[in-house]
Amino acid sequence: MRKSILLIMGAFSIGLLQAQVGINTRTPQSIFHIDTQSNTSGSLNTSDDIIVNEQGNIGIGTITPQRKLEIISSTPGAIRIADTSEGITKVLTSNSTGVATWINIIGSWNASLTGGNLAYTTALGTRKINFTGGTISKPGTGSINITNGSITVPYAGTYRLTLFGISLMNRGSGYFIAGYYNVRKNGASMWSPHSLGSTLISLSPYVSYYSFTYLNQNDVLDIYSIENTAGFANGVSNLTLFIEFVK
């Protein structure tokens, strides 16, 4: 009698070990199977299915998942992860322990003001540089204002600032400060690149500068020409201010 009971219990245990749970299906394809439309036939009509197989893999839209999580969808945007770090053009990146967050990628945003011009002047002072054109990589993300000669950045992070163009010098003969500019952030001076030039070589030398700086979201940048001594350049031609998000 005892042997019979043990045999029955053993058979019942094996049945439990081999059991498959199906929801909305009479023929579950693995350990746990949900067929939301109750239309799966073998490997057909699986786009609405969710399954957990013997290896612990989870399949959504597939009944044969090859990884711990496999999602198959014929519609773009099948995955959504919203944890307040998400944003336009961001990518999902993990840290050293595999914890993932959304971040902006290098070069994912840039903007420029082009055609910056200031005519020669004999007056001393500081002039805001006027621009005739501009570009932005993602309209609606950050902004440029050609009329006001300003760029508004969309993210908090490190940016690369580049200036290049022609510095005009005609106040006298000899060595002068060429291309003395002042980039301002929200109206306050932030960066003042300049270099040494000689009118004995050229009255219109080409100059270029770059720098890296941290900016907050919605910071506004514009640029001025510093001409407050007779030894400084006194004009600008075809200047470009280029700003690129780094990280």
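Just so it is clear, none of the values below were taken in a lab; they were calculated from the coordinates. This structure is a prediction, so every number in the text was calculated from the model and none was measured. Virtual Cβ from ideal backbone geometry, glycine too; neighbours counted across all protein chains shown.
Figures for the structure shown
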| quantity | calculated |
| --- | --- |
| Calculated FRET efficiency for the pair Gln66/Arg160, C-beta based, R₀ 35 Å, to 0.05 | 0.25 |
| Length-normalised contact order of the chain in % [C-alpha pairs under 8 Å, at least 6 apart] | 18 |
| Per-pair calculated FRET efficiency, R0 = 22 Å: Leu200 and Ala230 via Cβ, rounded to 0.05 | 0.85 |
| Residues Leu200, Leu163, Leu92, sorted so that the one with the fewest Cβ neighbours within 10 Å comes first | Leu200, Leu92, Leu163 |
| Candidates Glu54, Glu86, Glu227: whichever shows maximal mean-square fluctuation once the chain is modelled as a Gaussian network with Cα springs under 10 Å | Glu54 |
| Fewest-first ranking of Tyr175, Tyr155, using other Cβ atoms within 10 Å as the exposure measure | Tyr175, Tyr155 |
| Cα Rg, Dmax, the range 110-245, angstrom units | 14.8, 47 |
| Pair Ser192, Ile105: separation of 7 Å Cα→Cβ label points (nm) | 4.0 |
| Extension gain (nm, one decimal) between Asn218 and Asn39, 0.36 nm per residue minus Cα-Cα | 59.3 nm |
| In degrees, nearest ten, helix 2-17 long axis to first principal axis of the chain (Cα) | 30 |
| Sequence of His194, His33 once ranked by neighbouring C-beta atoms within 10 Å, starting from the fewest | His194, His33 |
| Whole-angstrom gap from the range 103-165 to the range 182-207, using each part's C-alpha centre | 15 |
| Local electrostatic count at Ile151 - Lys and Arg +1, Asp and Glu -1, tallied over other residues with Cβ under 10 Å | -2 |
| Ordering of 232-241, 109-118, 214-223 by burial proxy (mean other Cβ atoms within 10 Å per residue, highest first) | 232-241, 109-118, 214-223 |
| Extension gain (nm, one decimal) between Ile23 and Ser208, 0.36 nm per residue minus Cα-Cα | 59.9 nm |
